[in-house]
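Following: one structure in structure tokens, then a few remarks.
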Amino acid sequence: MRRSFAIAASFLMAFTALASSARADALEDDLRGLSDEQLKSTVEFAFNNSLFFMFHEAGHMLISEFDLPVLGREEDAADSLSSLLLLEMDDETFDQALVDSVDGWTFSAESGQEPDLFDAHALNQQRAFNMVCLMVGKDGETFQESADDLDFPSDRREQCVGEYRKARKSWFGVLEPHLRDDDGQSSFEIHYLKPESPELASYADTFKESQVLDLLKDVLVTYNLNDDIKLTARECGQSNAYWSSDDREITYCYELWREYTQFMANYYREEETE
Ligand SMILES: [Zn+2]
């Protein structure tokens, strides 16, 4: 998957060009005042978190399409599966997606919102801990900083090696019969729908440029999925991503792209004023 680097680099250029163009719009406003370095890291943060969200939804999709057994909560299963799929790529782009989404969970855990104990997902901080466990379980060196940031105890790090191996064996064990053994590829429908709201226009353009949906497709084609699963980006009226088994569709909302961009941009602006 070396190709992903080229994608990320060309997308970054397009995003930066758009953001600094004379078009006065929401994206430009949101990024105003950031240095080139901050702009780059803001864009990468939004990209990496989106990649993780889409892999999480792909986890739900694989569970649903292949009728995989889920022992425990499906949300936890989707997090583990997406983390394992990203780790299995053995690629810097996907490793960074994991690192940045751990930061994403930690930031939202620290944002002061009341934790929702009834939510189907684990608490944001737990999600970060569970992911980091798999990450250091696979490679304690590459992901050391993520574990250090969370004050991950050293005895836990050691246990995580066994937990990673067990999780990997279990998930890829149930997935293996569904891997394609021919040269064919399942077909997917990728749609980037035009948003109604003008403030999402450049976000929609840059999301398309990022090719997150195409990257996901490139990973999913190795599975023997029935044709015509839809990967759709659209305006939803809320910041979200979701899988619908009835429509056989993974949806990514442009609002999520905007939320993570604003989030990081605001973080840098607040840092400046402190
Ligand atoms: Zn989920």
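The values are calculated or read from the model by the stated rules, or taken from the named source; none is laboratory data. Note that the coordinates shown come from a computational prediction; the quantities given were computed from them, not determined experimentally. Every residue, glycine among them, receives a Cβ derived from its backbone with ideal geometry; neighbour counts consider all protein chains shown. Each accessible area value is taken on the protein alone, full model and side chains, heavy atoms only, with ligands, DNA and RNA left out. Shrake-Rupley method; radii C 1.70, N 1.55, O 1.52, S 1.80 Å.
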Sorted on mean Cβ neighbours within 10 Å (highest first), peptides 50-59, 260-269 come out as 50-59, 260-269
With the 8 Å Cα cutoff and a minimum separation of six or more residues, the chain has a relative contact order in percent of 24
Proximal lysine pairs in the chain, meaning Cα under 15 Å and 8 or more positions apart or interchain, come to 5
Carbon/sulfur accessible area of region 183-232, % of total, 1.4 Å probe, equals 38
Once ARG73, ARG248 are ranked on solvent-accessible area with the largest value leading and a 1.4 Å probe, the list reads ARG73, ARG248
In whole angstrom, largest first, the equivalent ellipsoid semi-axes that the Cα gyration tensor gives for region 200-248 are 22, 15, 7
Per-residue accessible area, 1.4 Å probe, largest first, puts ILE190, ILE250 in the order ILE190, ILE250
From DSSP H assignment alone, runs of 4+ in the chain each adding -39500 (n - 2.57), the sum over residues rounded to the nearest 500 puts [θ] at 222 nm at -20500 deg cm²/dmol
Looks like region 50-91, by Cα gyration tensor root eigenvalues a ≥ b ≥ c and the a/c under 1.5 rounded cutoff (else prolate when a/b is bigger than b/c, oblate otherwise), is prolate
Taking VAL99, VAL132 and ranking on accessible area (1.4 Å, protein atoms only), highest first, one gets VAL99, VAL132
With a ≥ b ≥ c from the Cα gyration tensor eigenvalues, square-rooted, and the rule rounded for a/c under 1.5, otherwise prolate when a/b > b/c and oblate otherwise, the chain is oblate
Length gained if GLU270 through SER239 is fully extended, taking 0.36 nm per residue and subtracting the Cα-Cα distance, is 8.9 nm
Using a 1.4 Å probe on heavy atoms of the protein chains only, the accessible area for GLU158 in Å², nearest 10, reads 140
For the chain, dividing by residue count, accessible area per residue (probe 1.4 Å) in Å² works out to 50
Measure of exposure for GLU209: accessible area at 1.4 Å probe, Å² rounded to 10, is 80
Going residue by residue through region 184-201, the Karplus relation 6.51 cos²θ - 1.76 cosθ + 1.60 with θ = phi - 60° gives ³J(HN,Hα) values, rounded to whole Hz and with x marking Gly or Pro, of x, 9, 5, 9, 10, 9, 9, 10, 10, 7, 6, x, 6, 6, x, 5, 9, 4
Computed on Cα atoms, the radius of gyration and Dmax of region 124-274 in angstrom are 19.3, 58
The alpha-carbon center of region 120-157 and that of region 28-46 are separated, in whole Å, by 27
Expected field for ASP246, accessible surface area in Å² at 1.4 Å probe radius, rounded to 10, holds 140
